[in-house]
Amino acid sequence: MDLSKLTTADKVVAGSALALLIASFLPWFGIDFDTGFGNSGSVTGNGWDVGFLWGGIPVILGLLMVAQIAVSRFSPDTTLPDLPWSKIHLGLGIAAAVLVVLKLLIGYEELGVTLDRKWGLFVAAIAAVALAVGGFLKYQELEAGGGAAPAAPPQSF
């Protein structure tokens, strides 16, 4: 596998998607408690525990972005549909970032108890925003002529 075929945008998307996947297994929410008998403890939940919408879908969107990049860069014999992939990357990255950042802002409540935000949620939010940045960079590649952009309309004077 020749990694020199990857652009900077491809590397940003791949790295942030991997970071988001790992962060989905880290603690996102939790509660620390004291039993009053000299014992204390904590309970945490990861991205998969807070709901598929908030934890699962952003990870899947990132993996889809990586899969499209991998197929287009490393399997030249495979023909993908002629879609505006850079715009799709931009949309998927923004969708993933919006979902994770919204969960960060909204918080999580279980059985009437508001749980504290844990460090894994912040890592996931940074990774999701980086995924959106990677999607934006893919879009910029198209605008700069790095992709199959449609021809510009004729200009009238």
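The values are calculated or read from the model by the stated rules, or taken from the named source; none is laboratory data. No experiment lies behind these values; they were computed from the predicted model shown. Glycine also receives a Cβ, built like all others from the backbone with ideal geometry; neighbour counts cover every protein chain displayed.
A few comments on the model shown:
- Of all residue pairs spaced 6 or more apart or on separate chains, those with beta-carbon atoms under 6 Å, a first member in segment 121-134 that is surrounded by fewer than 21 Cβ atoms within 10 Å (Cβ to Cβ) and a second member that is part of a helix (DSSP H, G or I) and of a type outside the set (S, T, N, Q) are V123/A23; V129/A97.
- Restricting segment 26-38 to residues that are touching a strand residue (DSSP E or B) at 6+ places or on another chain (Cβ under 9 Å) and at pLDDT below 90 leaves a set whose member that is nearest to A97 (Cα to Cα) is I31.
- Number of the exception - T114 against (1) modelled with pLDDT under 90; (2) outside any strand (DSSP E or B): (2)
- Residue in segment 45-60 that is among the small types (G, A, S) and farther than 30 Å from L105 by Cα present: no
- Filter result (in a helix (DSSP H, G or I) and surrounded by 14 or more Cβ atoms within 10 Å (Cβ to Cβ)) within segment 34-59: W54, G55, G56, I57, P58, V59
- Residue match in segment 16-25 (condition: at pLDDT 95 or above and aromatic (F, W, Y)): yes
- Looking across segment 16-33 at every residue that is under 14 Å from V113 (Cβ atoms) and surrounded by 15 or more Cβ atoms within 10 Å (Cβ to Cβ), the one that is nearest to the chain's Cα centre (by Cα) is identified as F29.
- Selection within segment 73-90: residues that are in contact with a helix residue (DSSP H, G or I) (Cβ under 8 Å, 6 or more places away or on another chain) and loosely packed, with under 15 Cβ neighbours inside 10 Å. The member of this set that is nearest to A9 (Cα to Cα) is K87.
- Of all the numbered requirements in (1) closer than 23 Å to I22 by Cβ; (2) at pLDDT below 95; (3) among the hydrophobic types (A, V, I, L, M, F, W, C), V98 misses one, and that requirement is (2).
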